[in-house]
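The values are calculated or read from the model by the stated rules, or taken from the named source; none is laboratory data. Predicted model, so just to flag it, every value in this text is computed and none were measured. All Cβ positions, glycine included, derive from the backbone under ideal geometry; neighbour counts span all protein chains shown.
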Amino acid sequence: MSLTPEIISLLILDAIFLFFGVIALVIGFRIALKWDNQATTSLQYTLSKQSALVSTMIKYIFMLKLPLFAFFIYTCDKLSTIITGAMCASGVVNSVDFGLYFTLFKLLNLYLFGFWLLLHAADIHDEKLPYTKLKFILFVIFSVPLFAEIGLEIAFFAGLNISKIVSCCGTLFSASSSSYISLLFAVDASLWVWLFYGFFGLMVLAYGLKHTPLMIFANGMFLIFSIIALIVFFSPYVYELPTHRCPFCLLQRDYYYVGYALYTLLFAGTFYGIGGGILALVSHTAQPRFMRASLILCALYLLIITSYPVIYFIRNGVWL
């Protein structure tokens, strides 16, 4: 393991999250089992006080985990300068056997933790606390991926070998790659692009119809095909190189850190559509502000990423 200040910071935070997470899990499990808003017993009074304390602990653990995903990618990008062959975070992530799957797992956790925060906000803003039992049941479930992520992160940094020669992103994100990523290039790029725009159109339709399940589905598919279309079609226009398709290099200074803006818009937009939709189904109450935020953020992402090939064509008169 190579201990840089960034890695040390992440490991210290992991230790803190683990410590408070175990405490929250023990108390949260008790609340999930015995909570009853209709009861007036001393036990319920004690659980009410513990609920407020533990909810605050969980809230800050989950809130900090969200920006730490970006910090993890930044750390990997910075490590690329000391690992032979790595040109960006992609090479570092793939230098460990499970690195790519771990990164996707961290992304999945963003949506899980974010939904818990939405449910918690809805709960504390209702004097009847209708979702307290549910949110602690969910925390008990979500603690499994939380602790798994902490363990995998430690294993990931422990498995990094700075003397190992790794593949650059140009090799990893190409048709010649030995990973599943190469399968993306076996399909004509235009299909991924049509699916990308098609599912955004479905989002607009779902919003107009106020059809929550359709909105959840459209957002989920839009997220998947946005990332695929970015790798296969849009990224070469950002780099202005037909063979450069890395989704990580977008986060670098050479490209004005545009990736941070793009991914924030995409992940936040699809999260509000999926998380807000699930909250609407759970609460049986429409969540128009989340649906509206989802549509606006995803539309901004679509406009920005579409501008790259359009501007390139206007300047050069050809497509890549």
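Of everything in region 14-35 that's in a helix (DSSP H, G or I) and either in contact with a Leu (Cβ under 7 Å, 6 or more places away or on another chain) or at pLDDT below 90 (or both), which residue is surrounded by the fewest Cβ atoms within 10 Å (Cβ to Cβ)?
Checked region 14-35; the qualifying residue surrounded by the fewest Cβ atoms within 10 Å (Cβ to Cβ) is 34.
Tally time: how many residues in region 36-48 are exposed (fewer than 10 other Cβ atoms within 10 Å of the Cβ) and assigned to a helix (DSSP H, G or I)?
Number of matching residues: 1.
Of these, 261, 268, 299, which one is out of contact with any Pro (no Cβ under 8 Å at 6 or more places or on another chain) and over 30 Å from residue 80 (Cα atoms)?
299
Somewhere in region 194-201, is a residue assigned to a helix (DSSP H, G or I), at pLDDT below 95 and either loosely packed, with under 14 Cβ neighbours inside 10 Å or in the same structural domain as residue 88 (by TED's automatic domain parsing) (or both)?
no
Taking the condition of being out of contact with any Ser or Thr (no Cβ under 6 Å at 6 or more places or on another chain) and farther than 17 Å from residue 245 by Cβ, how many residues in region 86-98 meet it?
4
Failed condition for residue 185, given (1) aromatic (Phe, Trp, Tyr); (2) without any contact (Cβ under 8 Å) to a residue 12 or more places away in the chain; (3) more than 21 Å from residue 307 (Cα to Cα), with all others met?
Every listed condition holds for residue 185 apart from (2).
Give region 134-175 a look and list any residue that's surrounded by fewer than 18 Cβ atoms within 10 Å (Cβ to Cβ), touching a Gly at 6+ places or on another chain (Cβ under 8 Å) and among the aliphatic types (A, V, I, L, M), or say none.
140, 165
Exactly one condition in (1) part of a helix (DSSP H, G or I); (2) surrounded by fewer than 20 Cβ atoms within 10 Å (Cβ to Cβ) is false for residue 62; which is it?
(2)
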